[in-house]
Structure formats: structure tokens, C-alpha cells
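Accompanying notes for the structure given below.
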Amino acid sequence: MPTSPRIQYQQGDHICTLYNDRDEQLAAAIEYLRGGLSRGERCLYVCCEHTPDEFREGLRAAGIDVAAEEARGALLLLTKHDGHLKGGSFDPDKMITMLHGAVQDALDAGFAGLCAAGDMSWLLDEADGSDRIAEYEAKLNAFYPTSKALGLCLYNRNRLPPETLDHSLATHPHVRVDGNILLENPFYEPIEKASFRKYAGNLKEKLEWLRSALASLFAGDKTAEPLPLRVK
């Protein structure tokens with residue numbers, strides 16, 4: 001059954017954010033991590049468009065005591081070379097194994113769970129294994145609902161290719177675009193289908209549907225069907 005739009009993240013979530021620029025990406029990531037810290041979770045963020053130091057500065061500007069959070073182990077900042085591209089290539093299974101370990105480490109350290117997020121611009125490097133991104137994101141839909149964790153994947157919709165953005169929509173149950181509202185994603189596909197999907201060339205129509213849905217919400221009409229539920 002469809003769920004109502006919401007602004008709060010919760011354990012089990014796997015969300016994609018489609019952002020326009022570095023400032024929007026930074027704001028979305030900070031909002032998400034602030035929530036994780038407030039819930040007593042360990043926050044793990046993989047930087048890409050921003051260096052770790054740039055990201056720390058953004059957190060400080062938003063009123064987060066970065067030094068204190070890092071000192072108590074509540075905030076871990078990695079680069080793409082420590083995360084998705086560790087070893088120089090991308091392996092979905094190794095990355096999920098790393099996340100399993102990160103969740104257990106967080107729980108062992110007394111945290112309520114893991115609030116994980118990553119800037120997906122590392123895909124622009126086209127490292128070996130990057131073509132398995134849809135498989136990876138689909139597998140995360142089995143990982144997050146069964147773990148004390150949640151994940152946010154941030155995609156630059158002006159730099160990443162349409163095929164990659166379309167895969168991101170197909171593999172995340174919730175999507176966040178043009179604001180802080182989480183929408184149930186009508187373009188989400190079951191794990192067994194999404195892992196091996198091909199791009200159908202209809203990303204523009206999907207993004208228009210999402211913008212129309214948001215416009216309906218902001219206008220106060222939560223029941224409006226802006227466009228057909230699925231664009232074939």
C-alpha cells in the first residue's frame with residue numbers, strides 16, 4: 001500500500017537524492033546526517049564532490065560540532081578511495097560486506113545503528129565494475145530493511161549520464177528531489193528485475209512526473225495524480 005510523503009528518515013530506508021549542484025548536495029547530506037546524529041546513530045559519509053575537509057566545514061557552518069562528533073566515533077568521513085573504489089575498482093559484494101561490518105561496529109560501540117550516505121559522483125571515474133551499479137543498488141534493498149541502518153545515495157543529475165540516473169530511480173524505494181520531501185518512488189523495480197535492467201530512454205518523463213507530484217503536494221493536493229503512475 002502506498003505511504004504518505006514524509007520528511008523524516010528512518011532505519012530501513014534506502015533513498016536516492018537527485019541534486020543539481022554542490023550546494024544542494026551539501027545541504028541534503030547535512031540534513032540527513034544531522035538526523036542520524038540526533039537518533040544516536042553512527043554516521044558514515046563517503047565524500048566525492050567535496051573533500052572531507054570541505055564537508056567538515058559545511059557541517060560546522062550548519063552548527064554541528066564536527067570535532068566532538070568525530071572524537072566520540074559518531075561521524076566517519078571517507079573518500080571514494082576508502083569506500084566504493086577501494087582497491088581501484090568497484091565490487092558490489094565487497095561494498096555490502098563493508099557496510100555489514102560498519103553496522104556491527106556501530107552497534108558494538110553503543111550506537112543505535114548506522115546512518116550511511118554516499119556521493120555517487122565516483123561513477124564518473126568509470127572504474128572497473130562501475131557498470132554493476134544497478135546490481136549494487138538493488139542488493140542494498142535487501143540489506144537495509146534487514147539491518148539497523150539506513151542509506152542515502154546522492155546523484156548529480158547534471159553530471160551523471162541519464163542511464164545512471166534512471167538506474168538510481170529504479171533501485172530506490174524512496175526518492176528526494178527539489179526539496180526535503182521523501183516521495184514513495186513509483187518507478188522502483190523489484191530486486192530481481194532491477195539488478196539486470198536496461199535503460200529505456202524515458203528519464204525525462206520520470207523526472208517530470210516527480211516534479212509534478214511535488215508541485216501538487218506544495219499546492220496542498222495530496223491526492224492528485226499528476227501523470228500516469230508509471231511511464232513505460
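Only the coordinates and a few stated rules stand behind these numbers; no lab work does. Keep in mind that this is a model prediction, so the values were computed, not measured. When we count neighbours, we look across all protein chains shown, and the Cβ atoms used for this are built from the backbone with ideal geometry, even at glycine.
The angle between the Cα long axis of helix 92-108 and the longest principal axis of the Cα atoms of the chain comes to about 50 degrees, rounded to the nearest 10. Axis angle, to the nearest 10 degrees, between helix 22-38 and the longest C-alpha principal axis of the chain: 60 degrees. Near THR146, within a Cβ-to-Cβ distance under 14 Å, what is the net charge of the other residues, with Lys and Arg +1 and Asp and Glu -1? Spelling it out: positives minus negatives among the neighbours equals +1.
Take the cross-link list LYS139/LYS193; LYS139/LYS204; LYS94/LYS193; LYS86/LYS198; LYS80/LYS206 and give me the ones stretching past 23 Å between alpha-carbons. Provide the component values of the computation, followed by the final result.
Numbers: LYS139/LYS193 11 Å; LYS139/LYS204 25 Å; LYS94/LYS193 21 Å; LYS86/LYS198 27 Å; LYS80/LYS206 29 Å.
From LYS139/LYS193; LYS139/LYS204; LYS94/LYS193; LYS86/LYS198; LYS80/LYS206, over 23 Å: LYS139/LYS204; LYS86/LYS198; LYS80/LYS206.
GNM remark for the chain: springs join alpha carbons under 10 Å apart, and the peak mean-square fluctuation among ALA71, ALA127, ALA62 falls on ALA71. Amide H contacts under 5 Å for ALA149: GLY12, LEU114, restricted to partners 5 or more places along the chain or on a different chain, H placed in the peptide plane at 1.01 Å from N. Structure remark: mean-square fluctuation, Gaussian network model of the chain, C-alpha springs under 10 Å; the largest value among TYR136, TYR45, TYR199 belongs to TYR199.
Assuming R0 = 25 Å, what is the FRET efficiency of ALA112 and ALA71, from their Cβ-Cβ distance, to the nearest 0.05?
Details: r = 19 Å, r/R0 = 0.74.
Taking R0 as 25 Å, the efficiency between ALA112 and ALA71 is 0.85.
Where the only charges are on Cβ atoms (+1 Lys, Arg; -1 Asp, Glu), what is the dipole of the chain about its Cα centre, to the nearest 20 debye? Magnitude of the dipole: close to 560 debye. Within the listed set GLY118, GLY58, GLY36, the residue fluctuating most in the Gaussian network model of the chain (springs between alpha-carbon atoms under 10 angstrom) is GLY58.
The helix-only estimate of mean residue ellipticity at 222 nm for the chain, built from DSSP H runs of length n ≥ 4 each weighted as -39500 (n - 2.57), is -12000 deg cm²/dmol after division by the residue total.
Out of all DSSP beta bridges with both ends in the stretch 14-218, state the antiparallel percent to the nearest 5. Mind dumping the intermediate values first?
Values: 3 of 29 bridges.
About 10 percent, rounded to the nearest 5.
Per-residue Karplus couplings for the stretch 65-77, computed as 6.51 cos²θ - 1.76 cosθ + 1.60 with θ equal to phi - 60°, are listed in order as 7, 4, 4, 5, 5, 5, 5, 8, x, 8, 10, 10, 10 Hz, Gly and Pro entered as x.
Which translational diffusion coefficient, to the nearest whole µm²/s, is obtained for the stretch 29-139 from the Stokes-Einstein equation, given a Kirkwood hydrodynamic radius over C-alpha pairs, 25 °C and 0.890 mPa s?
Details: Rh = 14.5 Å.
This corresponds to a translational diffusion coefficient of 169 µm²/s.
Selection among GLN25, ALA102, ASN185 by position relative to the dipole of the stretch 14-218 gives ASN185 as farthest towards the positive end (Cβ unit charges, Cα centre).
When the Cα atoms of the stretch 117-174 are aligned to their principal axes, the ranges along those axes come out at 31, 22, 18 Å in descending order.
Based on the Cα gyration tensor of the chain, what are the three equivalent ellipsoid semi-axes, each the root of five times an eigenvalue, rounded to whole Å and given largest first?
On the way: eigenvalues 144, 86, 58 Å².
Gyration-tensor ellipsoid for the chain: 27, 21, 17 Å.
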